[in-house]
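Visitor: Attaching a single structure in structure tokens format; questions to follow.
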Amino acid sequence: MSNLAAKHKDRLEALDLRALARPKHDSPELAYAVVVSVEKDALVLEGPSGRLTASRAASCLLRPEKNDRVLAVSGQGANWILAVLERPENTDAILSFEGDVRLQSEKGSIHMAAAESISTLSQNMAVHSEKASMIFGSFHLAARVYNSCIDKATTVMEKVDLFCRNMRQTLAASYKRVEGHEEEHAATRRIVTTNMSMKSQTTEIAADERVSVNSSQFHVN
């Protein structure tokens with residue numbers, strides 16, 4: 001045997017030894033399956049090889065539901081659902097996560113749109129923004145406790161209906177101008193002030209029982 005042939009044989013034997021020493025991994029197998037039941041910690045799938053239990057992959061944001069057609073992968077003794085391919089009509093699409101979720105756009109903006117409605121349900125909610133703009137065709141607010149700290153607010157409304165059982169306002173200064181008609185109804189009313197000035201073209205005071213004025217001085221011009 002020539003030296004060239006001997007060197008080639010030694011090289012092949014070295015490659016075979018390295019192939020034997022290399023750890024063997026199971027190749028992942030993809031399969032279509034149908035979700036037959038949804039349990040607390042796992043999902044039961046019906047696939048080509050029968051029923052198996054699988055977990056949702058971290059990349060599968062849409063939560064699988066019963067009767068969904070999914071793409072599953074098997075390997076290393078575990079099964080995962082990679083994606084939900086089809087689902088029956090009139091089934092809600094739920095994006096489900098295990099822990100905290102953060103939706104962030106580094107350079108652009110985030111826009112949410114819905115054909116019918118957008119609802120938010122949370123125990124606590126905080127909104128921080130440099131500027132905010134809200135346009136409502138109609139607005140309804142129901143709150144047990146409402147605290148507002150506003151440096152400056154400009155409100156343009158055609159109609160406002162406010163129903164409160166108890167409302168308290170503490171203002172350093174307040175300015176109000178009504179061009180049209182203003183009407184107030186109260187069972188009792190009390191005004192405590194240092195100075196009070198009322199100016200009008202016509203003033204009418206009417207009472208069913210009594211009108212009393214208590215003052216150390218009373219001037220009528």
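Visitor: Mark the label point 7 Å from the Cα of Ala93 along Cα→Cβ and return the residues of region 42-61 whose backbone N is within less than 14 Å of it.
Guide: Answer for region 42-61: 61.
Visitor: Next question. 7 Å from Cα along Cα→Cβ at both Arg102 and Lys40: what's the point-to-point distance in nm?
Guide: Once both label points are built, they end up 3.1 nm from each other.
Visitor: Still on this structure, please answer the following. Find the accessible area per residue for the chain; the probe is 1.4 Å, ligands and nucleic acids are left out, and the unit is Å².
Guide: Details: 23190 Å² over 221 residues.
I get 105 Å² per residue for this part.
Visitor: Across region 91-102, in residue order, what do the Karplus-derived ³J(HN,Hα) couplings come to in whole Hz, using 6.51 cos²θ - 1.76 cosθ + 1.60 with θ = phi - 60° and x for Gly and Pro?
Guide: Each residue's phi maps through the Karplus curve to give 10, 5, 9, 10, 8, 10, 9, 7, x, 5, 10, 10 Hz.
Visitor: Could you tell me the extents of region 111-221's C-alpha atoms along the three principal axes, largest first, rounded to whole Å?
Guide: Principal extents (largest minus smallest coordinate, Cα): 64, 27, 26 Å.
Visitor: Between Ser197 and Asn166, what is the label-point separation in nm under the 7 Å Cα-to-beta-carbon projection?
Guide: Distance between label points: 3.6 nm.
Visitor: Here's something else I'd like to know. Which percent of the accessible heavy-atom area of region 62-111 goes to carbon and sulfur, probe 1.4 angstrom?
Guide: C and S atoms contribute 45 percent here.
Visitor: Right, another one. Ser27 to Glu65: FRET efficiency via 1/(1 + (r/R0)^6), r the Cβ-Cβ distance, R0 41 Å, to the nearest 0.05?
Guide: According to the calculation, E is roughly 0.90.
Visitor: Note the angle between two axes, namely the Cα long axis of helix 3-21 and the longest principal axis of the Cα atoms of the chain, as a number of degrees from 0 to 90, rounded to the nearest 10.
Guide: Long axis of 3-21 versus the principal axis of the chain: about 40 degrees.
Visitor: Out of the chymotrypsin sites (Phe, Trp or Tyr not before Pro) in region 79-185, which ones are loop residues according to DSSP with at most 16 other C-beta atoms within 10 Å?
Guide: Phe97, Phe136, Phe139, Tyr146, Phe163, Tyr175
Visitor: Bin width 10 Å, alpha-carbon pairs only: give the P(r) of the chain as whole percents, running from 0 to the bin holding the largest distance.
Guide: Distribution as computed: 4, 15, 16, 14, 12, 11, 9, 7, 5, 3, 2, 1, 1, 0 percent.
Visitor: Dipole size in debye (nearest 20) for the chain around its Cα centre, Lys and Arg Cβ +1, Asp and Glu Cβ -1?
Guide: It works out to roughly 780 debye.
Visitor: So in the chain, what percent of DSSP beta bridges are antiparallel if you round to the nearest 5?
Guide: Antiparallel bridges make up about 90 percent of those DSSP assigns within the chain.
Visitor: Continuing with the same structure: Using a 1.4 angstrom probe on heavy atoms only, work out the carbon and sulfur share of the accessible area of region 122-208 in %.
Guide: It is 47 percent, rounded to a whole number.
Visitor: In addition: Given region 77-216, what count of lysine pairs have C-alpha atoms under 24 Å apart, with each pair 8 or more places apart or on different chains?
Guide: 5
The values are calculated or read from the model by the stated rules, or taken from the named source; none is laboratory data. This one's a predicted model, so the numbers in the text were calculated from it and none came from an experiment. Because the Cβ atoms are built from the backbone with ideal geometry, glycine has one as well, and the counts that use them run over all protein chains shown. The accessibility values were calculated without ligands, DNA or RNA, using every heavy atom of the protein model including side chains. Shrake-Rupley method; radii C 1.70, N 1.55, O 1.52, S 1.80 Å.
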